[in-house]
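> Structure provided below as structure tokens; questions to follow.
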Amino acid sequence: MNKNKIFKKFISHELIKEKYQLEETAIPSNITRALVSEIPIIRTIAILVDELESNQGINDIALYNKINIYLNNNI
């Protein structure tokens with residue numbers, strides 16, 4: 001499955017959309033746009049999907065650190 005499909009499945013999940021009050025129009029159509037989104041949950045999920053699909057050798061700690069740095073700088 002490609003990154004765009006995986007991202008859309010995560011971000012379109014009812015619980016995510018409801019909890020973060022995401023309107024369909026706010027959800028980027030692809031992961032490239034999601035990676036530069038100003039909406040933290042969209043960008044966080046995009047980073048997770050992108051890293052896990054692009055860098056199969058990434059470990060949990062490295063991925064956690066990348067997400068943690070992004071969230072600390074933007075929230």
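Rule-based calculations on the coordinates, nothing more; no lab input. Every value quoted in this text rests on a predicted model; they were computed, and no experiment measured them. Note that each Cβ is placed from the backbone with ideal geometry, even for glycine, and that neighbours are counted across all protein chains shown.
> Go through region 14-37 residue by residue and tally those that are part of a loop (DSSP other than H, G, I, E, B) and surrounded by 13 or more Cβ atoms within 10 Å (Cβ to Cβ).
7
> Taking only pairs six or more apart or across chains, which ones have beta-carbon atoms under 7 Å, a first residue in region 20-44 that is within 15 Å of N2 (Cβ to Cβ) and without any contact (Cβ under 8 Å) to a residue 60 or more places away in the chain, and a second residue that is in a loop (DSSP other than H, G, I, E, B) and not hydroxyl-bearing (S, T, Y)?
If the second residue must be in a loop (DSSP other than H, G, I, E, B) and not hydroxyl-bearing (S, T, Y), the pairs left are A34/P28.
> Considering only region 62-75, state which residues are among the hydrophobic types (A, V, I, L, M, F, W, C) and either without any contact (Cβ under 8 Å) to a residue 12 or more places away in the chain or not in a loop (DSSP other than H, G, I, E, B) (or both).
A62, L63, I67, I69, L71 - these are the residues of region 62-75 that are among the hydrophobic types (A, V, I, L, M, F, W, C) and either without any contact (Cβ under 8 Å) to a residue 12 or more places away in the chain or not in a loop (DSSP other than H, G, I, E, B) (or both).
> Being surrounded by fewer than 12 Cβ atoms within 10 Å (Cβ to Cβ), small (G, A, S) and part of a helix (DSSP H, G or I) is the filter here; which residues of region 38-61 pass it?
Passing the criteria: only S54.
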